[in-house]
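One structure is given below, encoded as structure tokens.
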Amino acid sequence: MPHGTRPVASPAAVRAAARRAVGPAGASSPSGGVKIPKAKMPGGAKRMSAGGVKLPPNAKGLPKGGSKPLRVKAGAPKVKPQASGGVLKRALSPLAGVASAIGSFFSGLASRLNIPTPSRSVVFVAAGGFIVVILLAVVIANSSLLAATEVRVMGSDHMDQATAEALVDVPDGTTLLNVDEDAILEQLQASPWIKDVEIERAWPHTLVITPVERKMTAIAYVTADEVAWAIGDDGTWIAPVTLLAAVDAEGNEVEVGEDGSVPEGATLLSGQDAALRVAQDAGCLLLTDVPSDVSPKSGESVNSKVVLAGLEYANGFSPEFVAQIKSMSVASVEAISANLLSGVEVSLGAPDNIVEKERVVTKLLAEQTGVTYINVREPGAYTFRSAPQ
């Protein structure tokens, strides 16, 4: 052979050399044909073949296709040092979230209204300004610049000023902007007459608090107990009313003394007659013949069917027609009737077609004379009686 050349092996020799290079487990030896003893291999690992590293079926974390395994460096992970503004960033992150939400809202609104969407920077600036305004408002609302240093509490018809002043407690630190109106209302509602409260602000340091009473729409006279209860326009039992009324010989009402005394020649009314006077003075309807099983309680809603039916008429009739009614009997829902001041009895029945019933009665009284009884349970088929001429 010429110097520097190597003999060409036959194909059979090449295959034999390859068989010698492969170990018993079928793994190729490293370059140079040196075999790796089994004891030097990691437990359970397979030797390398010409195709690369073979992994168990459940192996994870390595790419497919025979690529090189991922290398994991030992030791604790590196932590990036926190910027000096990290605390401020965490404090402002909620506001940034609010600004982002506000910006998204207005962007969506602009798209729905076909308004050109402003740039992201403009939206965030506007949202930031909005948040600043809110923060300033909160600061001002709690600032001593608007401290409520003077509180005036007024009285009402059924609550004198001294009682109202004793009930209202405005805590220190209250300003004209952060006054707790709900708490003040709750304090005043110790009286069942109080429905609401009006708070007037006289800038910069004065609060004027005025109780607002329930409007009395009816008085229910419970015959069995000889007591009259005021009922509010919201269907609430208010409280018993004082039945102190007196009239002179001509029937004119006169003042009753605190001890119940009346002027000479006057008569002290009692029971239903006194309740009628109270109702007339208040411009509301008197309900009579209230069943004895009705048990009113201050501040609770009326749940008696017959009383509720009477209230439907009281609220459904015009004030002019209510003024003509002396009393309304509510012995039962189907047998409700009204006694007019003129002496006419009107059978009303259940509280339906109230406006039409009033129209029929008013028209009939205007067209007929001597009418003593009208039945408008069915206003389209009413009947009436007149006194003999």
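Mind listing just one residue for me: the one in region 146-166 that is assigned to a helix (DSSP H, G or I) and in contact (Cβ under 8 Å) with a residue 24 or more places away in the chain and, of those, surrounded by the fewest Cβ atoms within 10 Å (Cβ to Cβ)? Applying the filter and picking the extreme gives 163. Does residue 285 satisfy the condition of being surrounded by 17 or more Cβ atoms within 10 Å (Cβ to Cβ) and not basic (Lys, Arg)? So residue 285 passes the test.
If residue 225 meets every condition in (1) modelled with pLDDT of 95 or more; (2) assigned to a loop (DSSP other than H, G, I, E, B) apart from one, which number is that one? So residue 225 meets the others, but not (1). In region 234-252, the condition of being within 20 Å of residue 311 (Cα to Cα), out of contact with any Asp or Glu (no Cβ under 7 Å at 6 or more places or on another chain) and surrounded by fewer than 14 Cβ atoms within 10 Å (Cβ to Cβ) is met by at least one residue. Selection of region 262-282 for residues being surrounded by fewer than 20 Cβ atoms within 10 Å (Cβ to Cβ) and under 37 Å from the mean Cα position of the chain (by Cα) yields only 282. For the condition open to solvent by less than 80 Å² (accessible area, probe 1.4 Å), of a type outside the set (A, V, I, L, M) and not in a helix (DSSP H, G or I), residue 257 qualifies.
Confirm whether residue 243 is modelled with pLDDT under 90, in a strand (DSSP E or B), out of contact with any Cys (no Cβ under 8 Å at 6 or more places or on another chain) and farther than 22 Å from residue 364 by Cα. Against the criterion (modelled with pLDDT under 90, in a strand (DSSP E or B), out of contact with any Cys (no Cβ under 8 Å at 6 or more places or on another chain) and farther than 22 Å from residue 364 by Cα), residue 243 does not qualify. The C-beta contact set for region 274-291 (first residue closer than 17 Å to residue 255 by Cβ, second residue part of a strand (DSSP E or B) and open to solvent by 60 Å² or more (accessible area, probe 1.4 Å), distance under 8 angstrom, 6+ apart or interchain) comprises 277/253; 281/253.
The values are calculated or read from the model by the stated rules, or taken from the named source; none is laboratory data. The model shown is predicted, which means the values in this text are computed figures rather than measured ones. Positions of Cβ are generated from backbone atoms using ideal geometry, with glycine treated the same way; all protein chains shown enter the neighbour counts. These accessible areas exclude ligands, DNA and RNA; they are computed on the full protein's heavy atoms, side chains included. Shrake-Rupley method; radii C 1.70, N 1.55, O 1.52, S 1.80 Å.
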